[in-house]
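Notes follow the structure.
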Amino acid sequence: MNREIKFRGKQSFDNKWIHGSLLKDKKKYYITNDYGDTFYAVIPETIGQFTGLYDKNGVEIYEGDVLNNTAVNFKFIVKFENTKYILQKLEYPDDALDMNDYFHRIPTMFEVIGNIYESE
């Protein structure tokens, strides 16, 4: 199965989210549109990669998203650590789960409710 490789980041000048391919020159990061003919400068700290997974509503899940487990009302932050995506519990930061193992068993229990760069 092929996973679409794409990123998102907030534009430097207006804080709007941009989705597409990631490019970097010597000083700045850019995300291109689908055609690769327009480059948008983005804030480096807001860049996150698409995990290849979707929440229960069909919303794409990116690094930095905050997910709610609707069955038990736990909130998680999506992170990439040690070559894999993890779900880090918001209430208990030392408690993290392998996203692929946990998510694939019960994907209908997760919903994107925000991200770490915006308030919920």
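The values are calculated or read from the model by the stated rules, or taken from the named source; none is laboratory data. Given the structure is predicted, the values throughout are model-derived calculations rather than measurements. Because the Cβ atoms are built from the backbone with ideal geometry, glycine has one as well, and the counts that use them run over all protein chains shown. For the accessible areas, the whole protein counts, side chains as well, though only heavy atoms, and no ligand, DNA or RNA atoms are used. Shrake-Rupley method; radii C 1.70, N 1.55, O 1.52, S 1.80 Å.
Data for the structure
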item: Selected residue [open to solvent by 30 Å² or more (accessible area, probe 1.4 Å) and either within 27 Å of N15 (Cβ to Cβ) or without any contact (Cβ under 8 Å) to a residue 40 or more places away in the chain (or both)] from T32, T46, T38; result: T38
item: Selection within region 54-64 - surrounded by fewer than 18 Cβ atoms within 10 Å (Cβ to Cβ) and more than 10 Å from the chain's Cα centre (by Cα); result: Y54, K56, N57, G58, V59
item: Count - residues of region 77-115 that are more than 17 Å from the chain's Cα centre (by Cα) and without any contact (Cβ under 8 Å) to a residue 12 or more places away in the chain; result: 6
item: Filter result for F74 (more than 14 Å from Y117 (Cβ to Cβ) and over 11 Å from the mean Cα position of the chain (by Cα)); result: yes
item: Selection from region 90-110 of residues that are assigned to a strand (DSSP E or B) and either closer than 20 Å to T46 by Cα or of a type outside the set (D, E, K, R) (or both); result: A96, L97, F110
item: Region 57-77: number of residues that are under 12 Å from L87 (Cβ atoms) and hydrophobic (A, V, I, L, M, F, W, C); result: 6
item: Top-ranked residue of region 65-119 - restricted to ones that are modelled with pLDDT under 90 and among the acidic types (D, E), ranked as least open to solvent (accessible area, probe 1.4 Å); result: D98
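Okay, residues lined up against (1) at pLDDT below 90; (2) part of a loop (DSSP other than H, G, I, E, B); (3) among the aromatic types (F, W, Y); (4) surrounded by fewer than 17 Cβ atoms within 10 Å (Cβ to Cβ):
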site	(1), (2), (3), (4)
R3	yes, yes, no, yes
F13	yes, yes, yes, yes
H19	no, no, no, yes
G52	yes, no, no, yes
